[in-house]
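Notes follow once the structure below has been shown.
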Amino acid sequence: MVENGTIVSLQDISVRAGATHILRNVILNVQPGEAVGVFGANGAGKTTLLRLLATLLKPASGSGVVLGADLNNDERYEVRHRIGYIGHVPGLYPEMTLDENLSFIATAMGIDGAAVASSLAAVGLAGAADRRAEVCSHGMQRRAEFARILMAQPEFLLLDEPHSALDGSAVDLVDDLVRQTIEAGGAAVLVSHDRSRVDDLATFSVEIAGGTLS
Amino acid sequence: MRTTFRTQAMAITKRDLMRERRSGEVLWVTLPFGAIALLLIPIAIGTDRPTLRAIGIGLFWVIVMLFGVLIAVRQAHTETQAQRDVVALAGIDPAAGYVGRALASFFLLIGFEAVLAVVTVALYDVPLDGWIWMPLVMVLVGAGLSLLGTLAASIVSTGRSASALVPLLVAPLSVPLLIGATQTFEALRLGRSSLTWTLMMTIVVLLLAIAGVLSARTLQESG
Amino acid sequence: MTTLERNPSSVWPWIVMAVAGLVTFVAAMSVSPDAVQGQLSRIMYVHVPSAWLAYLSFGVTMFASAMYLWKRDLAWDRRAHSSAEIGVFFTGLAISLGMIWGKSTWGVWWTWDARLTLTAIMFFVYLGYLALRRTTDDLDARAKRAAVMGVLAVIQVPLVHFSVIWWQTLHQPPSIIKPEGPDMDPSMVVTLLISVLSFTVMYAAMMYKRIDLARIEDAVLIAEQTNTGPAAGEAVVAPDLSGGS
Amino acid sequence: MDIAVQWNWVMFGYGVAYGALVLFATSIAVRITRAQKRLGGTV
């Protein structure tokens, strides 16, 4: 999947929101086959780091490469479909059914429509496919987000509190997804406020505090 | 990019139309609101038939401009950051997103214009000369207004009081469309060529499309 | 904190503004009145420079917006913002003076003259620009959005301009006494030139001060956003109950 | 039109213009002072 070489290489990256530095001089390298656990307190910059790695934020200074694309220029638009990101708020359209939500992404990404039903079945939502997202519980919406990731088969996973709002079977599912991705030569970054949640899965862990990695 | 610009834009259009079909915001809120406005004006200024006949077409276009903006900006206050992230990471080009959203608004605006045109004809008894030009002018106004509204909505995006601000940005800039639409029929009434006006509206539409496509990435990155 | 290289307390820009205003006033009052319009022609010496400054300011805003998009330097954003605010002020002034002049000369407050209509529309376009700037305190996001709006106006204002001219020629051919006709007295032309020049100098001085203001306001925002001092709850101190003053 | 009436209009116009100019310049000055105070208070 991934051409030989690093998946993430951040050199002295800083990210600002307004004048506030949310990330400061971050250095991070992730190789194929690695799963990085990032833990830290609320407001430490975990979500910002994930959105930066997802190419959704531009660094204020420093240089960074994700999947071979420079974060500072338009190359980042070309690798986005290879990144699987699940934030802490589900990004589903409430008026659309789970099936429609996933079909929209499948069409936009050029994925065969049959994959929608099979991914929903894989996360145990086959029976809820025609239910509107607004009447699904938070846990179901998170499962639907994982179905989207299964369907898109990204090489680089970015999960914000991967196990929150999920029951036992779904937790196993997420763990399997992470393992399969890194075994196939991809990588993953897992973020949590609780070290024990990510330590089992991660090949190495870093702590984030005050916008700095250690 | 694995899919074409066209596929991505069409996916966005389909999504927006589906959301509108489910929420019915345009059909059950904006459209009746516009129709009520057409009903209120004669109550305020008098129901003298020749007067109504004279002002009918002009009022129709003013209502289309002012209320049509609400259609073009509806996504400005409904789309969340998480939804925007999902769209971005599906590899959808921001420019395709702009075109797709504008296209969905365009279809809704055409329907809006068509219904209000019928209401105007019924309430104001406007003369129907030159009606053959109506579809063309409706298409141009619909395209211009949807492109302008979508662009304004992405400029204000997530800021405070975003949904209140967009109409203020759009209304003064929609003047060429309003003049073009009304003067097409004025020119026809006077027996002159209306080509200049349709040409002007076409230029407005093209320039807005170019401006929106060129600024799409810049506007997305700050979101 | 950003260092302020220039002294924002400097007094000379205020003096320049006052002198420029005085020069205009003296020139306008000392020139002989127009043969047709009489004393009313004197309003022209503040109306025309105001209208000129409106266009100049918005031109500067457009240029600075484009420069911001190119260089991504907040200094250009401050210039665009300052010029837009001054432009909105002079647009409002030009419209008000035009209305006063119109009422006194033709007996109506408003005519649907093409230039008047365009100026009114421009007023609202840039009022929208200023409103847009109030929607976020994130300096970079605000600058980016405002700059796109500033450039969008470049495309639209000429279009509005021409559409209004065409619209107006179809309806009412201009039947208005234009002061800037070719038969204007040379002394009036010179006075007009003096007033336009001194108002331009006034604009420059205003820009100097307004950019200082923008710079301090940005510094305030940066200071507030990077303030890592104690949270509000910790800052509470016991009230001093010892009495006395 | 009567010359006196004309002068009234002229004075009205200049009153509006110079009044507005003074107000605008004052507003810039006031805002600078206020912002400087806030800057002094936060840093």
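Worth pointing out:
- Computed over region C:1-95, the quotient of the alpha carbon radius of gyration and 2.2 N^0.38 Å is 1.42.
- Segments B:31-39, C:192-200 sorted - mean Cβ within 10 Å per residue, highest first: C:192-200, B:31-39
- Across region B:5-221, Cα pairs under 8 Å and at least six residues apart give a relative contact order of 29 percent.
- The distance separating the Cα centre of region A:87-152 from that of region C:119-133 comes to 43 Å.
- Accessible area buried at the B-A interface, both sides summed, 1.4 Å probe (Å², nearest 100): 2800 Å²
- Where the Cα pairs of chain D fall when distances are cut into 10 Å bins, in %: 26, 26, 19, 15, 10, 4, 0
- Per-residue shielding of B:7-19, expressed as the average number of other chain Cβ atoms within 10 Å of the residue Cβ, stands at 4.
- Cα pair count fraction exceeding 34 Å, expressed as % - the protein assembly as shown: 58 percent
- Dipole moment magnitude, nearest 20 debye, the protein assembly as shown about Cα centre, only Lys, Arg, Asp, Glu C-beta charged: 1380 debye
- The alpha carbon centroids of region B:71-137 and region C:57-118 are separated by 31 Å.
- Rg(Cα) / (2.2 N^0.38 Å) computed for region B:70-199, rounded to two decimals: 1.23
- Helical content of chain B, expressed as a calculated mean residue ellipticity at 222 nm, amounts to -27000 deg cm²/dmol (DSSP H runs of 4 or more residues, -39,500 (n - 2.57) each, divided by residue number, nearest 500).
- Chain D and chain C together bury an accessible surface of about 3000 square angstrom, both sides counted, with a 1.4 Å probe and no ligands or nucleic acids included.
- Partners for A:K46 among lysines (Cα-Cα distance below 23 Å; same-chain residues under 8 apart left out): A:K58
- Solvent-free Debye scattering, log10 I(q)/I(0), computed from the Cα coordinates of region C:66-123 at q = 0.16, 0.29 Å⁻¹: -0.60, -1.08
- Expressed as a fraction of 2.2 N^0.38 Å, the C-alpha radius of gyration for region A:100-147 is 1.05.
- Counting Cβ atoms of other protein chains within 10 Å of each Cβ in A:148-155 and taking the mean gives 1.
- Bridging of C:K103 to lysines at a Cα separation below 30 Å is possible for C:K178, once same-chain residues fewer than 8 apart are set aside.
- Counting protein heavy atoms only, the protein assembly as shown has 63 percent of its accessible area on carbon and sulfur, 1.4 angstrom probe.
- Per-residue mean of foreign Cβ neighbours for A:95-106 is 4 (Cβ atoms of other chains, 10 Å radius).
- Residue-normalised convex hull volume from the C-alpha trace of region B:168-223: 63 Å³ per residue.
- For region B:1-69, the Cα-based Rg and Dmax, in that order, read 18.4, 61 Å.
- Size of charge dipole - region B:5-221 - debye, nearest 20, with Cβ of Lys, Arg +1 and Asp, Glu -1, no other charges: 240 debye
- Among B:89-102, C:137-150, sorting by the average number of other beta carbon atoms lying within 10 angstrom of each residue, highest first, gives B:89-102, C:137-150.
- Geometric extent, Cα atoms of chain B - Rg, Dmax (angstrom): 18.2, 61
- Both chains summed, the buried accessible area for A and C stands near 400 Å², from protein heavy atoms and a 1.4 Å probe.
- Normalised Debye scattering of region B:31-118 at q = 0.18 Å⁻¹ gives log10 I(q)/I(0) of -0.83, counting only Cα atoms as equal scatterers and leaving out solvent.
- Percent of Cα-Cα distances greater than 30 Å, calculated over region A:3-213: 21 percent
- Taking all Cα pairs closer than 8 Å and separated by 6 or more residues, the relative contact order of region A:44-124 comes to 17 percent.
- Residue among B:L206, A:I105, B:A9 farthest towards the positive dipole end of the protein assembly as shown, charges placed on Cβ: B:L206
The values are calculated or read from the model by the stated rules, or taken from the named source; none is laboratory data. Keep in mind that this is a model prediction, so the values were computed, not measured. Here the Cβ is made from the backbone with ideal geometry for all residues, glycine too, and neighbour counts use every protein chain on show. Please note that ligands, DNA and RNA were not included when accessible areas were found on the heavy atoms of the full protein model with its side chains. Shrake-Rupley method; radii C 1.70, N 1.55, O 1.52, S 1.80 Å.
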